[in-house]
Each structure stands twice: as C-alpha cells, then as structure tokens.
Amino acid sequence: MEDVFSHFDLVLKAFWLTVQLAVYSGAAALVLGTALAAMRVGPVSVLRGLAATYVTLVRNTPLLVMCVFIFFAAPNTGVLTGTPYLVKGVIAVGLYTAPFVAEALRCGVNAVTLGQAKAARAIAMTFAQNMRHVVLPQAFRASVPPLASTLIAMTKNTSVVAVFGLMEATARMRYFVNRNADDTILIFVLFAIGYIILVELISLAAVGLERRWKAAR
Amino acid sequence: MSGSVLYDAPGPRTVARHRLYTLLTAVAALGAVVGVVLFLDSEGELAYAKWEQFVTPKYVEALLVDGLVKTLQMAFTSIVFAVLFGVVFGIGKLSDHRPVRWLCALVVEFFRAVPVLLLMIFIFYSWGIGDGFGPYWSVVLALTLYNGAVLAEVFRAGVLAVPKGQAEAGYAIGMRKTQVMMQVLLPQAVKIMLPAIISQCVVALKDTSLGYYIVAPGLTYIGKAMWTEFPGTHLQTAVVLAFLYIAVNVVLTVIATWVQRRFVGERKPLEVGMTALTTQASTAP
C-alpha cells in the first residue's frame, strides 16, 4: 500500500484521465444522441429508420468491439491514424453511448401526454411556443433520471479503453495490482472508491436538477 | 402522425414537403453507403482474400464453437449465479432487520457503482492467475457480482410491484413471513421480473467481451487469434464479431418482449435506474 501512497500522483492523474474521457465522451454522446433522438421522433421516415438502425446495431454491440473498430480497424484503412488515444477513446465511448442517450431522451418525449400538446394547440399556441413552454420542459424533466443512469454507466464504461492502452484509472489499478500482489484488495477498494465518488457526483447532480425542475403538480 | 406530441397531423402541403425530405435523405443515405463501400473497396478491405477465413469451415467452427458457445456459456452461467445473488440480496434489502438491510444495500450499491472491468481485473490478478481458478471463472465471478447487484434491485422492485393486498391476504390467513415471501410474493414477482432478467442477459453477454483483457475464452479471444493469424483483418473480424453479438442480442430482446407480452401484459416493463430519483428507466449501457 505504501507503493500506492508514495505514487499517489499517478492515481490522481489516472482519475483525471477518466474524468476527461467521461466529460468529452459525455458531451459527444449528448450531441449525437440528441440528433438521433430528433431523427427518431421526427416526421421523415428515412431518418427515423436510419436512427432506429443505428440504435439497434450499436446497443447490441459490446463497447470492446466498438473499440476494436476505432483503435485497430480504422487505422488499417488509413482513418484516424495519427489521432491521440484520448480522442480515439472519446470517439469510441461517445459513439457507443449516443444510442442510450437517444433512448433516454425519446423516453422523455414519450412521457409527455398527448393532451398537453393538444391543449397548447387549443389555446392557439404556435409550434415554437408549444415546444418551448409545454413539451420540451416536461420532456427534459422526464429524461433526467434515465439520462443520469446513462451517463453513470458511461463513466464506468470509460474503463474499457484501458484495454487499448490508455492509462486511466482501471489500467492504473492493474499496474499497482501487478506490483503489489499482497495488497490487491486495498488497492481495488481505493480505486473503487474513486469510481464511486464520480458516480455519486453525477447522481447528486441529477437529483439536484430534478429538484430544481420539479413542477408543482 | 397524429400520435405525436411534437407536431400536428400534417396537411397535404406538409405531407408533400415530408415526401421531399424523405427522398432527399434517402438519396443522401444511399450516397453515404456507396461512398463508404467505394472507400473500403479502394483500400482493398472488401477483397475476398480478407474475408476468406470466415467461410472456411475450420475457422467458422472455431468462431462458433470456441467463440460463441464459450461466450454464451459464460454469460448464462453468470446470469444463473447472478439470479441467486440477486434473490438473496434483494430479499436482504427488504429485510425487517436494519443491519441486514444496510449490509445488503451496501454490497449491492458497491458492485453496481464499480466498473465490471475493474472488478474483473481485480478478481483475476488476486485469485485467478497462476494456480487460481483462471480467466474463465474470473469473468463469470465478476459478471455475477455486477449483474447480481443489478438484479437485486430488479428483484426488490419486482417484489414491491406485487400489489400490497397479496401479502396482507397471506398474513391474514396466518402465513409466516417466509411463507408469504416464498408462496405469495416470489411467484408473482418472478413473472414480473422475467423480462428484466432476460434483458440483463444482453448486458452480461456484451460484458463477456471484456474477458479479452484477461485472455478469457470467448468471441473476442477467437477474434484476436484470427486477426493475429491473418494480419490486417481487424475490420473484417470486428464486423463478424459485431454481427454475432447483435444476432444473439436481438434474439434475446425478441424473447424478452414476447415474455413481457405473454406473462406481464400491458403493464410497463420493470425498470431500475442508477440514481435515487422518482421515475427510472433502465437505459444503462
């Protein structure tokens, strides 16, 4: 255990990389996921089909296979050759998480009852007003919990890029476990606590957001 | 389109406009597909030589028997154990005794918040390596703990979803706590939980791929062996692996939907989220 504490900067650096991966891939997944969700609830059937196909394909593929595409297969064809590993990791995790974000958002839109939109139309609200004041606020609020679950799962999933050579928290734990075979349990618990802190932060943020957006009913 | 909250049923002009968008996007999508195919062809990725191993009986057999079957074995073994784990800790979380409840909640929350890969690496390098129980059981144990923790939550929600009157009726005719749980609540809860358990199989199946890191058998192991034997075929191998995973998972999803319709009916699928919020959905990757 002294080995870990005397090299604690390595632990912090590893978690910093995990946080970076989570933030960047989270942003990427939110953007792409929102686009997918918009395509899925929109009126153009081809876009709906495309988005649904992407969601089905990616949701049923392991992240590890997605990483094989980004880290091994793409460079073979001359794409993403000189890209830093962090960027590749963000692309892989972002592409993988986007369909789950899309499903969470779609679940939010579906949670708004039809009567709400009809009532808005009945009092002559325009499409923009309807979206801004009636549908979207309710949809966002309803998608906070599933979205938080998705982002938490994504944060844990960033550990998969350890397999492909990024020295983030999981890879760093392996490094310490290999060097200190007698202390594996303590090292594991230390790194687990690190992840639990990250997970709890997202969870707290979600609870806060929901409370803030809570409507009087 | 009248079923959407986002827009009204379109009139004739909007329908015409949507038809135009549909045409344009179809052309664009087709163009993108053709572009990707042409690009891959120009890179020589579509050459028969790069795909030949996937129609060679010897390798197909390796892929299916040593890969897919092992992966399915690992996934289902861990789900079976995970259900046991989930039942024990799910009931524990519903216990009347506070220490039991807290201990179970602590265990469940811990394994739910820790990445599976972290767990897997820890288990493998602590007890799996050398004379230990090996990578196969390291994967199974890690997946058991993770999925068991998730299923414990599902289980708890399932028991709570049984109408209250059922347990009360049991107590009223003089049943004990265990009897109420085993004979009244459990049989009904299992029915409600079944779709969620099958969906969890999809998660377990996908996570077996992580065994790659600790050289456990399974699809990804065979995949690595194949792209090592045929250098430069990462893309082809990954496509085949993804296809196999998707095929199995789609079948599982169809079964889960069928079970949901057959045994649970119109009621919403049981869902468990990661946060302590009011409405939850299991969209966890």
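Here is how the numbers come out for the structure above:
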{"quantity": "Of residues in region B:199-228 being among the small types (Gly, Ala, Ser) and not in a helix (DSSP H, G or I), the one nearest to B:Gly128 (Cα to Cα)", "calculated": "B:Ala216"}
{"quantity": "Of residues in region A:75-99 being facing chain B (nearest Cβ under 8 Å) and modelled with pLDDT under 95, the one nearest to A:Phe164 (Cα to Cα)", "calculated": "A:Asn76"}
{"quantity": "Hits in region B:227-243 - residues which are farther than 18 Å from B:Gly44 by Cβ and either in contact with a Phe, Trp or Tyr (Cβ under 9 Å, 6 or more places away or on another chain) or free of Cβ contacts under 8 Å to residues at least 12 places away in the same chain (or both)", "calculated": "B:Thr228, B:Glu229, B:Ala242, B:Phe243"}
{"quantity": "Within region B:219-228, tally of residues that are away from chain A (no Cβ under 12 Å) and buried (at least 17 other Cβ atoms within 10 Å of the Cβ)", "calculated": "1"}
{"quantity": "From A:Arg179, A:Arg212, residue being without any contact (Cβ under 8 Å) to a residue 40 or more places away in the chain, of a type outside the set (Asp, Glu) and either open to solvent by 80 Å² or more (accessible area, probe 1.4 Å) or touching an Asp or Glu at 6+ places or on another chain (Cβ under 8 Å) (or both)", "calculated": "A:Arg212"}
{"quantity": "Among (1) open to solvent by 20 Å² or more (accessible area, probe 1.4 Å); (2) facing another protein chain (nearest Cβ under 9 Å); (3) under 26 Å from A:Val55 (Cβ atoms); (4) not aromatic (Phe, Trp, Tyr), the one test that A:Pro137 misses", "calculated": "(2)"}
{"quantity": "Residue check, A:Arg172 within 9 Å of another protein chain (Cβ to nearest Cβ), more than 18 Å from the chain's Cα centre (by Cα), more than 19 Å from A:Phe100 (Cβ to Cβ) and open to solvent by 10 Å² or more (accessible area, probe 1.4 Å)", "calculated": "no"}
{"quantity": "Members of region B:241-278 that are surrounded by 14 or more Cβ atoms within 10 Å (Cβ to Cβ), modelled with pLDDT under 80 and within 7 Å of another protein chain (Cβ to nearest Cβ)", "calculated": "B:Gly273, B:Met274, B:Thr275, B:Leu277"}
{"quantity": "Residue in region A:192-202 that is of a type in the set (D, E, K, R), under 23 Å from A:Ala153 (Cβ atoms) and surrounded by fewer than 14 Cβ atoms within 10 Å (Cβ to Cβ) present", "calculated": "no"}
{"quantity": "Failed item, numbered, when B:Ala216 is tested on (1) at negative phi; (2) hydrophobic (A, V, I, L, M, F, W, C); (3) surrounded by fewer than 23 Cβ atoms within 10 Å (Cβ to Cβ)", "calculated": "(3)"}
{"quantity": "Residue count for region B:229-240, restricted to those that are away from chain A (no Cβ under 11 Å) and assigned to a helix (DSSP H, G or I)", "calculated": "1"}
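The values are calculated or read from the model by the stated rules, or taken from the named source; none is laboratory data. All figures in this text were calculated on a predicted structure; none of them were measured in a lab. Don't worry about glycine lacking a Cβ; one is built from the backbone with ideal geometry, like all the others, and counts go over all protein chains shown. We work out accessible area using only protein heavy atoms, side chains counted, and drop any ligands, DNA or RNA first. Shrake-Rupley method; radii C 1.70, N 1.55, O 1.52, S 1.80 Å.
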